[in-house]
Each structure stands twice: as structure tokens, then as C-alpha cells.
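The values are calculated or read from the model by the stated rules, or taken from the named source; none is laboratory data. Quantities reported herein were computed from a predicted structural model and do not represent experimental measurements. Backbone-built Cβ (ideal geometry, glycine too); neighbour counts: all protein chains shown. When the accessible area is computed, the model is the full protein with side chains, heavy atoms only, and any ligands, DNA or RNA have been set aside. Shrake-Rupley method; radii C 1.70, N 1.55, O 1.52, S 1.80 Å.
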Amino acid sequence: GRPDLEDRALQTAEAFGRDLRRAPSGHAHMVAALDAALAPSLEVVIVGDPAAPDTRALLSTVRRHADPGTPLVVVPEGAAGEAVRRLVPYTEGHTTIDGRAAAYVCRGFACRLPTTDPSRLAEVLVGETLPARRESDQPSC
């Protein structure tokens, strides 16, 4: 990302820290933004035809095993996939494997080796699930 914008966002949160501690529900969007900014990111990229059974099986696995807020990017083949790649440039090197849909699990935009196997994808997603953050991990707003 943009470290300068991240710094400004954290400075804004610190400026409102007292209000955030007193009434977090009154600042729900800021709390959600802080959570997204401070939590380690996890993204899933699936490359394949969205209507094909192998792609649908990988999508189903993500829906069952990933946290509900996990970003999921589906990159179809052809022109539609190129449009997605322009919007999400880190997917540029992601491809199908031997013509089969492939899933990439990424943390901080660095992706693990892909898999075409829904069972293996489930194992990876369960292994990447983050434990609840401790209070000591919270920012000092």
C-alpha cells in the first residue's frame, strides 16, 4: 500500500482515540477501518471459469472455511480476466494449472503455491485462520 496514507489514517485514529474508547459503537466505520488496517491481510484468488464445476468446488471451499471478511477475487480466463487483473494487479501471474481452476491463498499480497484440490485448499485456509487478537496487540489510541 501507501505508507503515507497508512500513517495519516493511524494519526486520525489516535486523534479520535479518546472518543473511540468511550463510544466505539458511535464510530463503527472508524473501528472497522482500524481493524482492516491493523489485522494481517489474507486474500484468496481463484483462477478459472466461474461456471465450471472445478471453480465452483474451490469457491464452495472458500465459503465454508475462510473467515467471512476474507477478500476473494475470481479471475476468469480471457478478456474478463484481464479486466480483473487491471483492477487487482497482484493477480497478474496467477493462472489455471493444466487447464484446471487454481486457488491461491495470499497473505500481504504474497501468495502460497496454488492448489487445484478443494481438500488441500480447506487445509490451507484452516491453517491460515488467525487467532483472536490479544489486547496487547491493539493500537494505543
- Within segment 127-139, is even one residue hydrophobic (A, V, I, L, M, F, W, C) and either modelled with pLDDT of 95 or more or touching a Pro at 6+ places or on another chain (Cβ under 6 Å) (or both)? no
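Residues that are closer than 22 Å to Glu92 by Cα and touching a helix residue (DSSP H, G or I) at 6+ places or on another chain (Cβ under 9 Å), at least 3 per element: which helices (runs of 4 or more DSSP H) completely within segment 1-79 meet that?
Qualifying helices (runs of 4 or more DSSP H): 53-65.
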- Message: Condition (residue is loosely packed, with under 12 Cβ neighbours inside 10 Å, in contact with a strand residue (DSSP E or B) (Cβ under 8 Å, 6 or more places away or on another chain) and either at pLDDT below 90 or not aliphatic (A, V, I, L, M) (or both)) applied to segment 45-63: is it met by at least one residue?
- Response: no
- Picked from segment 93-111 (must be of a type in the set (D, E, K, R) and modelled with pLDDT of 90 or more), the residue nearest to the chain's Cα centre (by Cα) is Arg100
- Message: Against the definition (surrounded by 17 or more Cβ atoms within 10 Å (Cβ to Cβ) and without any contact (Cβ under 8 Å) to a residue 24 or more places away in the chain), how does Leu42 come out, yes or no?
- Response: no
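Restrict the check to segment 65-85 and report whether at least one residue is open to solvent by 80 Å² or more (accessible area, probe 1.4 Å), more than 19 Å from the chain's Cα centre (by Cα) and closer than 19 Å to Ala122 by Cα.
no
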